[in-house]
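K.L.:
Please find one structure pasted underneath; my questions will follow.
Just so you know, all these numbers are worked out from the coordinates, no wet-lab data involved. The model shown is predicted, which means the values in this text are computed figures rather than measured ones. All Cβ positions, even for glycine, are placed from backbone atoms using ideal geometry, and neighbour counts span all protein chains on display.
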Amino acid sequence: MRSVPQRLLCFIFLLSLSCKESSLPLKRLPENDINRVQAILQELDPLIKQKEQDKTMATLSFEEVYVRLDAKDREFLHQFQDLDPVKAGIKTQWHGIADGNVDLVQLDDQTITKSGKAEKLSPQFVSRKAFESYSRMMRAMKKDLGKSLLVESGYRSSAYQLYLFILYLKNHDYSILETAKWNALPGYSEHGDPNHQALDFMNEEGINGEDHPDDFAVLPEYKWLTEHAPKFGFFLSYPKNSEEGIAYEPWHWHYEENQDVKKQEAEK
Ligand SMILES: [Zn+2]
């Protein structure tokens, strides 16, 4: 039998193999990596088009992505998952890898009215627990304000999050540091955590956070949320002047089941 120190050394060696740190340059990817990103996006294009047509982008899996790529491209994409969160400037918490295999409710009948014209939103997915509470919350809002909020973005799998990240690199001059300020890396988004399900809200006239952050923050619907949402287990994730220095996102709320259960029990 091996001695304890020997076994410890062996364990540390194995750990160092499994914790291989990404070697991707954070400030700007070199030309060959940029070319690789573009080639991967092109390779994935038919899959993405198919998923969009099937309206199942939100549950895209790593298997679906990786099966279409060669070993070098797979290794390259893996490095985005192995980035050191501190060095990459990630301020959000680790939420775990979202593989899409959770109990989700599909919302495919959401309609907004923009300048008198009805417009259907693309289907969204929400974890069942969060959906039930969201529905109760909207019934209460409708009673108070005669208005409700729609889900512009709900559940997003980690593979979808990774796809979005490499897609948006071009908008930030292929800087991982800059892209990470606006797009979560796989595992770091509340949108992929069914127990902490994030919902991005949009009002019935189409005012959302993505395009109209200031307009969203002055809506009566937003004011109502700040007063009533915690009763339904929903909380504002990134308030103004957050301790972590994360930008204010008045439209992004997350669900906490234990808080909701407590409230429901207290009401009984
Ligand atoms: Zn969000």
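K.L.:
Suppose the chain between K117 and K223 were pulled fully straight at 0.36 nm per residue; how much longer would it get relative to their current alpha carbon spacing?
P.N.:
Numbers: separation 106, 0.36 × 106 = 38.16 nm, distance 2.59 nm.
That works out to 35.6 nm of additional length.
K.L.:
For R74 paired with Q93, estimate the spin-label separation in nm (one decimal), with each label point 7 Å from Cα along the Cα-to-Cβ line.
P.N.:
Roughly 3.3 nm, to one decimal.
K.L.:
Tell me the chymotrypsin sites (Phe, Trp or Tyr not before Pro) within the range 69-168 that lie in a loop according to DSSP and have at most 13 other beta-carbon atoms within 10 Å.
P.N.:
W94
K.L.:
Let me ask another. Compute the Cα gyration tensor for the range 161-211, then decide on rounded, prolate or oblate, letting a ≥ b ≥ c be the square roots of its eigenvalues: rounded whenever a/c is under 1.5, prolate when a/b is larger than b/c in the other cases, and oblate in all that remain.
P.N.:
oblate
K.L.:
Provide the gained length on full extension for the span N101 to E210, in nm with one decimal, where the gain is 0.36 nm per separating residue minus the Cα-Cα distance. Don't jump to the answer; show the numbers that get you there.
P.N.:
On the way: separation 109, 0.36 × 109 = 39.24 nm, distance 2.71 nm.
So the chain would gain 36.5 nm between N101 and E210.
K.L.:
When every alpha-carbon pair in the chain is counted, what percent end up more than 26 Å apart? Write out the running numbers ahead of the final one.
P.N.:
Working: 17429 of 35778 pairs.
Of all Cα-Cα pairs in the chain, 49 percent lie more than 26 Å apart.
K.L.:
Could you sort the peptides 178-184, 30-36 by per-residue average Cβ neighbour count (10 Å cutoff), highest mean leading?
P.N.:
Numbers: 178-184: 18.4, 30-36: 12.3.
Taking the mean over residues of other Cβ atoms within 10 Å, the ranking is 178-184, 30-36.
K.L.:
Also, I was wondering about something else. Checking the a/c ratio against 1.5 first, then a/b against b/c, what shape does the Cα gyration tensor give for the range 129-172? Display every interim value, and only then the final one.
P.N.:
Details: a/c = 7.55, a/b = 2.48, b/c = 3.05.
Oblate is the answer for the range 129-172, as a/c is 1.5 or above yet b/c matches or exceeds a/b.
K.L.:
Decide, for the range 171-268, between rounded, prolate and oblate: order the square roots of the alpha carbon gyration tensor eigenvalues as a ≥ b ≥ c, take rounded if a/c falls under 1.5, and otherwise choose prolate if a/b is larger than b/c, else oblate. Show your work: numbers first, answer last.
P.N.:
Values: a/c = 2.32, a/b = 1.45, b/c = 1.60.
Judged from the Cα gyration tensor, the range 171-268 comes out oblate (a/c at least 1.5, b/c at or above a/b).
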